[in-house]
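Encoded as structure tokens, the structure appears first; notes follow it.
The values are calculated or read from the model by the stated rules, or taken from the named source; none is laboratory data. Quick caveat, the model's predicted, so the values are computed rather than measured. Here Cβ is always computed from backbone atoms with ideal geometry, including for glycine, and neighbour counts include all displayed protein chains.
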Amino acid sequence: MTPSTTSAEKKPGYTVFGRKAKGGLSKWAEAALCALFWLLVWQAAAAAVGKEVLLPAPLAVFQRVASLAATGEFWKTCAMSLVRIAAGFVLAALAGGVIAVFTAFVPFLRTLFSPALSVIRATPVASFIVLALVWLQSGSIPSFTSFLMVLPIVWLNTHAGFLSADGELLEMARSFRMPRRKVFAKIYLPSALPYFTAACGTGAGMAWKAGIAAEVLGRTALSMGKEIYDAKIYLETVDLFAWTAVLIVISVVFEKLMLLWLRRMNRRFAYGGAKDAV
Amino acid sequence: MRFEHLNAAYDGKWVLQDFSVDLPDAGRVCFFGPSGCGKTTLLRHLSDRMTQAGLRVAWVFQEDRLIPWLDAWENVALAGAGREDALSLLTALGLGDAAIKRPGELSGGMKRRVAIARALAFQGDALILDEPFKGLDHTAKENAAQLLIRLGPPLCLLVTHNREEAALLSDEVWMVDGPPLRLVRRQKAP
């Protein structure tokens with residue numbers, strides 16, 4: 001008799017809860033192998049170019065990151081950039097969520113806010129940064145730019161989430177005369193939460209790109225963007241790569257931690273399957 | 001209660017055409033007829049009219065319509081019951097152990113019983129049941145029917161195309177046909 005097999009077992013390399021499946025590699029081993037492949041490609045390219053000023057080798061970059069990390073200034077710079085960009089992101093997520101509530105339930109407000117949304121989405125980020133240089137102090141430009149980049153993403157997605165609420169559940173709520181506040185808390189909000197989460201995932205990447213661009217153009221004191229700008233001015237390509245690598249790590253960790261928390265919220269308050277999975 | 005001139009059409013086809021009906025103030029009436037003849041549409045219109053007249057109408061929908069991210073007891077409590085009352089109703093329907101499970105973790109029959117518990121928790125003036133025993137075994141059907149008779153409001157309107165279910169819950173069966181829906185005959189439940 002043939003033993004029963006799961007669909008996961010039938011596909012070589014498919015992982016079950018991150019563990020090794022029959023005939024395949026674990027998720028982590030796979031990721032490590034991929035990273036190693038690209039490091040080798042980088043190393044080969046650097047060796048082929050042969051000039052550190054054009055393309056430094058990975059080892060030189062890692063050594064530079066290590067030497068930077070030994071200074072207090074490095075951590076202060078990273079922390080300040082993180083605080084500025086995270087502040088813009090969090091404010092945009094909150095504002096986008098609140099505006100979405102209004103635009104989803106008041107059609108007039110949808111019409112009223114739509115042109116503003118279109119203008120923000122169509123305007124190049126550089127225009128906003130230059131405008132912010134005129135309007136604001138250098139320290140608040142990254143927050144402002146991140147805020148503007150994230151706001152329309154969260155707003156539009158959350159708005160769509162509210163509109164996606166199941167009509168049959170809403171009819172049930174009317175039949176059982178559920179108070180409006182309860183309908184909002186128990187049906188609308190959980191329906192919008194997965195959309196809000198997806199928007200935050202997309203928005204986090206945008207916030208970092210726009211925020212660092214603002215720091216570069218605004219030459220914000222004690223910022224990763226200014227370090228990247230200085231590296232460009234003094235042709236310190238190793239520094240440019242080192243700061244970019246640090247920036248990538250911080251933005252990825254920020255995004256992962258935020259999504260981890262939001263997904264927990266989804267499992268608890270929205271459609272996240274069985275509670276036991278939390 | 002008399003309901004007159006009920007009309008409904010879908011895709012240009014009459015489902016209810018100037019349909020009028022006299023309902024008793026109390027009793028359990030079963031509309032028995034083939035699928036697609038307009039029974040559910042009739043229930044919707046009767047529910048709307050009763051609501052407009054100020055009555056509180058509880059529903060057991062054909063689909064369970066349970067909120068997937070809430071526990072079974074929370075779904076019941078949404079109809080206005082406290083936690084203890086919700087738990088008692090679920091226990092009476094044999095779902096004491098499933099009260100803290102979400103609908104995704106329940107079988108079709110269990111979800112059906114949660115929907116019945118929710119309708120009872122509402123304590124309405126009328127109860128409308130659209131194929132209420134779908135997915136239940138005979139014992140569970142009998143148990144649910146007895147609870148509905150004991151705890152349900154004075155007026156119960158039931159739609160089914162299953163004779164056993166009609167006999168279990170109703171004291172009068174109205175045979176219908178359509179569309180458009182028409183009353184064929186009325187008889188006491190077997």
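Some observations on this one:
- Take the conditions (1) assigned to a helix (DSSP H, G or I); (2) over 19 Å from residue A:186 (Cα atoms); residue B:86 misses just one of them, which is (2).
- All of B:120, B:127, B:106, B:148 fail the test of being more than 13 Å from chain A (Cβ to nearest Cβ) and buried (at least 16 other Cβ atoms within 10 Å of the Cβ), apart from B:148.
- Within this structure, residue B:62 fails the test of being surrounded by fewer than 21 Cβ atoms within 10 Å (Cβ to Cβ), in contact (Cβ under 8 Å) with a residue 60 or more places away in the chain and over 19 Å from the mean Cα position of the chain (by Cα).
- Elements of the type helices (runs of 4 or more DSSP H) sitting completely within the range B:99-190 and holding at least 2 residues that are in contact with a helix residue (DSSP H, G or I) (Cβ under 6 Å, 6 or more places away or on another chain) and free of Cβ contacts under 8 Å to residues at least 12 places away in the same chain: there are none.
- Here the range A:215-226 is the region considered, the condition is being touching an Asp or Glu at 6+ places or on another chain (Cβ under 7 Å), part of a helix (DSSP H, G or I) and not aliphatic (A, V, I, L, M), and the residue that is surrounded by the most Cβ atoms within 10 Å (Cβ to Cβ) is A:225.
- Some residue of the range A:80-103 being over 28 Å from residue A:253 (Cβ atoms) and among the aromatic types (Phe, Trp, Tyr): yes
- Of the residues making up the range B:22-40, at least one is within 14 Å of another protein chain (Cβ to nearest Cβ) and either of a type in the set (S, T, N, Q) or crowded, with 21+ Cβ neighbours inside 10 Å (or both).
- Within the range A:248-278, if we keep just the residues that are more than 13 Å from chain B (Cβ to nearest Cβ) and surrounded by fewer than 13 Cβ atoms within 10 Å (Cβ to Cβ), the residue that is modelled with the lowest pLDDT turns out to be A:264.
- Candidates are the residues of the range B:56-78 that are among the aromatic types (Phe, Trp, Tyr) and in contact with a strand residue (DSSP E or B) (Cβ under 7 Å, 6 or more places away or on another chain); the one that is nearest to the other protein chains (Cβ to nearest Cβ) is B:59.
- All told, residue B:93 meets the bar of being of a type in the set (A, V, I, L, M, F, W, C), out of contact with any strand residue (DSSP E or B) (no Cβ under 6 Å at 6 or more places or on another chain) and either away from chain A (no Cβ under 14 Å) or under 22 Å from residue B:127 (Cα atoms) (or both).
- Residue tally, condition surrounded by fewer than 22 Cβ atoms within 10 Å (Cβ to Cβ) and closer than 17 Å to residue A:120 by Cα, over the range A:78-93: 1
- Verdict on residue B:84 being more than 30 Å from residue B:9 (Cβ to Cβ), within 14 Å of chain A (Cβ to nearest Cβ) and without any contact (Cβ under 8 Å) to a residue 12 or more places away in the chain: no
- Being within 13 Å of the chain's Cα centre (by Cα) and over 16 Å from residue B:108 (Cβ atoms) holds for only one residue in B:158, B:151, B:168, B:181, and it is B:158.
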